[in-house]
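Only one structure is covered here, and it is reproduced in the block below.
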Amino acid sequence: AQSVTQLGSHVSVSEGALVLLRCNYSSSVPPYLFWYVQYPNQGLQLLLKYTSAATLVKGINGFEAEFKKSETSFHLTKPSAHMSDAAEYFCAASRSGGYQKVTFGIGTKLQVIP
Amino acid sequence: NAGVTQTPKFQVLKTGQSMTLQCAQDMNHNSMYWYQQDPGMGLRLIYYSASEGTTDKGEVPNGYNVSRLNKREFSLRLESAAPSQTSVYFCASSDGQGVRNTIYFGEGSWLTVV
């Protein structure tokens, strides 16, 4: 069964510091991977997605993620945190199975300290 | 451009009451979903509809029913609400069953069952 593991349910960084949110996937076949962001009291919106075209994926708001098959990882990074980055981030993996089966991680809440 | 719209945003129910969550999308998407979000659990799929006229169970369907009224609308019904169904519910849609598709989410419905 496919699973997605996000290490750290809460991460705190100082404004201007590097953001690193970890995601590992478990699958015999590399799935298609996504990062979604959820701002307070809102729905999820796509940050970026890996679809095998390139291992380094750039998303919105300066975020990027690198797919590493050898480590089964898809960590999300941003060089310099901004206060507006405070949100919850979900890693997700998608595979076919009659419908678009998406498995979400439990989420990581990012706190940005001024 | 509204995207995915769901109503109501907040609802308090008494145990045993019934209610329907409404959802509509204006992106001409074929696939629609209902997810449940609980702290520490990520998002879990309740029901999905791969296309107009079809619906199928997801991971946690017990206690819920759905109707795909037309291509735009996908409703979720709680026939006899239980406190365990206190949660945040998200309607979502995507363009078909492809694994690379972005899933677009509504803003959520906060349901409390007392």
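Remarks
- Residue check for A:Glu15: touching a helix residue (DSSP H, G or I) at 6+ places or on another chain (Cβ under 7 Å), farther than 25 Å from B:Tyr33 by Cβ and of a type in the set (Asp, Glu): yes
- Considering segment A:50-100, and only residues there that are within 14 Å of another protein chain (Cβ to nearest Cβ), free of Cβ contacts under 8 Å to residues at least 24 places away in the same chain and in contact with a strand residue (DSSP E or B) (Cβ under 7 Å, 6 or more places away or on another chain), the residue that is surrounded by the fewest Cβ atoms within 10 Å (Cβ to Cβ) turns out to be A:Ile60.
- Segment B:79-106, residues that are among the hydroxyl-bearing types (Ser, Thr, Tyr) and at the interface with chain A (Cβ under 7 Å from one of its Cβ atoms): B:Ser94, B:Thr102
- Condition check for B:Ser109: among the hydroxyl-bearing types (Ser, Thr, Tyr), out of contact with any Cys (no Cβ under 7 Å at 6 or more places or on another chain) and within 11 Å of chain A (Cβ to nearest Cβ): yes
- All positions within segment B:61-75 that are in contact with a Ser or Thr (Cβ under 7 Å, 6 or more places away or on another chain), part of a strand (DSSP E or B) and away from every other protein chain (no Cβ under 14 Å): B:Ser67, B:Ser75
- If the condition is being under 10 Å from the mean Cα position of the chain (by Cα) and either more than 26 Å from A:Thr103 (Cβ to Cβ) or hydrophobic (A, V, I, L, M, F, W, C) (or both), then segment B:69-113 contributes B:Phe74, B:Leu76, B:Val88, B:Phe90, B:Cys91, B:Ala92, B:Phe105.
- Qualifying residues in segment A:101-114 (those that are surrounded by fewer than 20 Cβ atoms within 10 Å (Cβ to Cβ) and not in a strand (DSSP E or B)) - the one nearest to the other protein chains (Cβ to nearest Cβ): A:Ile106
- Any hit, segment B:37-49, residues being more than 11 Å from chain A (Cβ to nearest Cβ) and part of a strand (DSSP E or B): yes
- Pairs are defined by a Cβ separation below 6 Å, a sequence spacing of at least 6 or placement on different chains, a first member in segment B:91-107 that is at pLDDT below 90, and a second member that is among the β-branched types (Val, Ile, Thr); the pairs so defined are B:Arg100/A:Thr51.
- Qualifying strands (runs of 3 or more DSSP E) (wholly inside segment A:1-68; at least 1 residues being in contact with a Leu (Cβ under 6 Å, 6 or more places away or on another chain)): A:10-14, A:19-26, A:32-38, A:44-50, A:56-58, A:64-68
The values are calculated or read from the model by the stated rules, or taken from the named source; none is laboratory data. Keep in mind that what you see is a predicted model, and the values were worked out from it rather than measured. As a convention, Cβ positions derive from the backbone with ideal geometry for all residues, glycine included, and neighbour counts pool all protein chains shown.
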